[in-house]
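The values are calculated or read from the model by the stated rules, or taken from the named source; none is laboratory data. It should be emphasised that the depicted structure is a prediction, and the values quoted were computed from it without experimental measurement. Backbone-built Cβ (ideal geometry, glycine too); neighbour counts: all protein chains shown.
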């Protein structure tokens, strides 16, 4: 099998990234934009010892779960990878993916609740546009720029600013981050620059449509408007700074956080630890008698302290590696909430959380594989009660999980 070879094959199933799996000459081939049961003619575009991939050059039949894709950039952009699936199929794909991973790696019969989702389009409150003889996104797995007029998963406010940016002189600008608030539709724009820029020109071009403009070279410099914009999750207000983490789908973040609060139980007399707390959003949302947050990002901790004042909530936030900081803290916590990055919890963090002995641990995960890996350790000390799924990223293969662990 070589690059360039063409084969006729039938798509057997999907992998966890939503790619079709075909078997050709006893080798598994991963193929994008195809669904189980479809007969396809593919051209091999990568061959290695680890994997083989191909591209559909002709589809001989369509699955009943296939839908027409309205985005003109879908075949090349790579930001959305399962938009060709009907949403009901996306839902089932994500549910079954998590179910299969948990069953395969945790070896326990765990209740998994159905995927929850609101809007399928125009949900993202943050986008990074690259600039190179135009403005848009990079083609999948390349640095080739795709000029775009609109992104179907970005908010209307972001798309409105994109239309202005397309008419501007973006010389010496490498990329542009646009962030929007679901709460009041306010917008922040951050220009990453590689040379001199006319700050007055940038401000004059955008000031009627945005609330905040930064330029970033070695550090962030506010050149117009507010230091941050504000969004709300439920009845809590949160600041969004240039590089602070904030869930990109605000309405679904509310549903996810509400489930975290439900799993945490009655917190009126509880001490709550929020590990990998970011800007403190989950801990401040769920509440508790005493709230402690730990986060390694210094600017996130700065925002977390603003957020506690903004909401009139007494909380303590510590900056540092979660496992190392927790090792030094008084471990008097009734509930521990963890929301780690895609890589999951570090070994030190897991051991320190277990040593706390909290009655409940609520694990928020953006990767079911690392969730399953970590649950395999937790299950020796905690009963895995159930997992709820939330689709914060429709039209992509990603899915968020919230898992309730109760001390044995």
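Here residue 342 meets the list (1) over 22 Å from residue 107 (Cα atoms); (2) in a loop (DSSP other than H, G, I, E, B); (3) in contact with a helix residue (DSSP H, G or I) (Cβ under 8 Å, 6 or more places away or on another chain) almost entirely, failing just condition (1). Checked against (1) in contact with a strand residue (DSSP E or B) (Cβ under 6 Å, 6 or more places away or on another chain); (2) closer than 30 Å to residue 385 by Cβ; (3) part of a loop (DSSP other than H, G, I, E, B), residue 3 meets all criteria but (2). Residues in region 75-100 that are touching a residue at least 60 places away in the same chain (Cβ under 8 Å) and in a loop (DSSP other than H, G, I, E, B) were compared, and the one that is nearest to residue 142 (Cα to Cα) is 78. Within region 310-346, if we keep just the residues that are without any contact (Cβ under 8 Å) to a residue 24 or more places away in the chain and farther than 24 Å from residue 238 by Cβ, the residue that is surrounded by the most Cβ atoms within 10 Å (Cβ to Cβ) turns out to be 328.
As a summary of the residue check, residue 298 satisfies the conditions (1) over 24 Å from residue 193 (Cα atoms); (2) in the same structural domain as residue 325 (by TED's automatic domain parsing); (3) touching a strand residue (DSSP E or B) at 6+ places or on another chain (Cβ under 7 Å) except for the one numbered (1).
Among the residues making up region 346-382, those that are touching a strand residue (DSSP E or B) at 6+ places or on another chain (Cβ under 8 Å), under 18 Å from residue 407 (Cα atoms) and assigned to a loop (DSSP other than H, G, I, E, B) are 357, 358, 359, 381. Inside region 101-131, residues that are out of contact with any helix residue (DSSP H, G or I) (no Cβ under 6 Å at 6 or more places or on another chain), assigned to a helix (DSSP H, G or I) and in contact (Cβ under 8 Å) with a residue 40 or more places away in the chain make up a count of 1. The single residue among 314, 330, 243 that is farther than 23 Å from residue 190 by Cα and in contact with a helix residue (DSSP H, G or I) (Cβ under 8 Å, 6 or more places away or on another chain) turns out to be 314.
For residue 292, the criteria (1) under 29 Å from residue 394 (Cα atoms); (2) buried (at least 22 other Cβ atoms within 10 Å of the Cβ) hold in every case but one, which is (1).
All conditions but one from (1) surrounded by 15 or more Cβ atoms within 10 Å (Cβ to Cβ); (2) part of a loop (DSSP other than H, G, I, E, B); (3) free of Cβ contacts under 8 Å to residues at least 40 places away in the same chain apply to residue 196; the one that does not is (1). Against the condition out of contact with any strand residue (DSSP E or B) (no Cβ under 9 Å at 6 or more places or on another chain), outside the structural domain of residue 396 (by TED's automatic domain parsing) and over 19 Å from residue 152 (Cβ atoms), how does residue 53 come out, does it pass? Taking the combined requirement at face value, the residue does not satisfy it.
Against the numbered list (1) surrounded by 14 or more Cβ atoms within 10 Å (Cβ to Cβ); (2) in a strand (DSSP E or B); (3) modelled with pLDDT under 95, residue 40 comes up short only at (3). Within region 290-328, being in a strand (DSSP E or B), more than 21 Å from the chain's Cα centre (by Cα) and closer than 21 Å to residue 268 by Cα holds for 290, 291, 292, 315, 316, 317.
Might you let me know whether region 243-261 holds any residue that is without any contact (Cβ under 8 Å) to a residue 60 or more places away in the chain, in a strand (DSSP E or B) and under 30 Å from residue 344 (Cα atoms)? Can you show your working first?
Of all residues in region 243-261, those without any contact (Cβ under 8 Å) to a residue 60 or more places away in the chain come to 243-245, 254, 257-258, 261.
From the residues that got through so far, the ones that are in a strand (DSSP E or B) too are none.
Checking region 243-261: not a single residue is without any contact (Cβ under 8 Å) to a residue 60 or more places away in the chain, in a strand (DSSP E or B) and under 30 Å from residue 344 (Cα atoms).
Among all positions in region 10-17, there is at least one residue which is assigned to a loop (DSSP other than H, G, I, E, B), without any contact (Cβ under 8 Å) to a residue 24 or more places away in the chain, under 25 Å from residue 103 (Cβ atoms) and outside the structural domain of residue 100 (by TED's automatic domain parsing).
Residues checked against (1) part of a strand (DSSP E or B); (2) in the same structural domain as residue 201 (by TED's automatic domain parsing); (3) surrounded by 15 or more Cβ atoms within 10 Å (Cβ to Cβ):
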| position | (1), (2), (3) |
| --- | --- |
| 133 | no, yes, no |
| 149 | no, yes, no |
| 159 | no, yes, yes |
| 163 | no, yes, no |
| 167 | no, yes, no |
| 170 | no, yes, yes |
| 176 | yes, yes, yes |
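Quickly run through region 43-64 and pick out the residues that are in a loop (DSSP other than H, G, I, E, B) and closer than 15 Å to residue 6 by Cα.
60, the sole residue that qualifies.
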